[in-house]
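Laboratory data are not the source of any read-out in this text; all were calculated from the coordinates shown. Here the structure is a predicted model, which is why all the values come from computation and not from measurement. Note that we place each Cβ from the backbone using ideal geometry, even for glycine, and neighbour counts take in every protein chain shown.
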Amino acid sequence: MKRIVAAAIPFFIAGISHASENLAINPDTAPQAQTAAATLEDSPVTLDALLNPVSNASTGVTALRTQMLTDAGKTVGFRGGMAARARELVGALKARSERLDTIFQFSPLINKNGTIPPVIVEARDLSSFGPDQIRTATRAYKIEKEERFVSVPPTWRDYLYVGLPVKGGVELPRFEARPQDSKEEAIWRDAVKAGWEDGQKQADAILSANFNRLTRDYAGMLLYSSLLQQGMISATRVAESQQTVNGDGKKLVLGDKLRRVTSKASFELDQNKWRPTVNRGQAPASKPGQSASKQMGNDTK
């Protein structure tokens, strides 16, 4: 009998050590199994409990699927919101086209040589600070865009319509990237709404940037004309050459005329060459009690 007990002790110890290793690897398994078993044994037995046992398996949308639906929905919503807002903005611009045509007239600014003036930007009350010095300036001018040849004078449409998608629809993703059930449809709708709002904001930002560029260029060209009259900047010089007959054995060109810019506008640093502009104001008002005949006499002298 003692021999049988002694022989059984190693098997008993091995079984205990094996069970302890399982608990060390997954200590939550045994308590969860015991809790589930106790709950099932303690609760009243029902058919529904047996048909729908508790499971740790997830029945929701996977993280990869959620990310794909979110990215696709935001992209579609962004393009759609941007296109819809762009159509609204273009419609508002067309309704104000006559006023914009009156304000922004580029045709009178085109030089006789066929070049559009450079764009000059002005800054006032500048200051620069350093550890041992400070530098200030009342005004500063900079050539932002140089002159260039144009075949047709630009209009405000060439500025404000840039980047606004007014034509074409929005292409939906492939069927695999579209929602398949109600849970995926909820994720898709939220993503599309967020993208739609971002697209509308982007269209507004594009129009705002275009309008700033339009006003900068137009005001800069007018400023160039003013500085040119004052002699503070030089005029653009264009050379023209013409050949009656030009070409080779396979091509013949008649009346070939070539224009090229030989000297671009540059600031005049010699202030002695500047010419002050004359501001013609209204005639002074007559003094009280002065007769009209005396005014006429003074005018004839």
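Which FRET efficiency, nearest 0.05, do Arg189 and Ala95 yield, Cβ-Cβ r, R0 30 Å?
Details: r = 33 Å, r/R0 = 1.11.
So the FRET efficiency works out to roughly 0.35.
Rg and Dmax in Å for segment 63-233, alpha carbons only: what are they?
According to the Cα coordinates of segment 63-233, Rg and Dmax are 23.6, 73 Å.
Quick one: of Lys94/Lys145; Lys167/Lys201; Lys112/Lys257, which pairs are farther than 25 Å apart, Cα to Cα?
Among Lys94/Lys145; Lys167/Lys201; Lys112/Lys257, the Cα-Cα distance tops 25 Å for Lys94/Lys145.
Go through Ile110, Thr138, Gly195 and say which Cα lies farthest out towards the positive end of the charge dipole of segment 68-204; charges sit on Cβ, +1 for Lys and Arg, -1 for Asp and Glu.
Looking along the dipole axis, the top candidate is Ile110.
Under 5 Å between amide hydrogens, which residues at least 5 positions from Lys145 or on another chain qualify, with H placed 1.01 Å from N in the peptide plane?
Val119
If packing is taken as the mean number of other Cβ atoms within 10 Å per residue, what is the order of 113-120, 155-162, highest first?
Details: 113-120: 20.1, 155-162: 17.0.
Taking the mean over residues of other Cβ atoms within 10 Å, the ranking is 113-120, 155-162.
Can you give the extra length, in nm with one decimal, that the chain gains between Ala239 and Thr136 once fully stretched, where that is 0.36 nm per residue apart less the Cα-Cα distance? It would help to have the intermediate numbers written out before the result.
Working: separation 103, 0.36 × 103 = 37.08 nm, distance 4.01 nm.
Value of the extension gain: 33.1 nm.
If we count other beta carbons within 10 Å of each Cβ, what is the order of Ser151, Ser263, fewest first?
Numbers: Ser151 5, Ser263 11.
Lowest to highest Cβ neighbour count: Ser151, Ser263.
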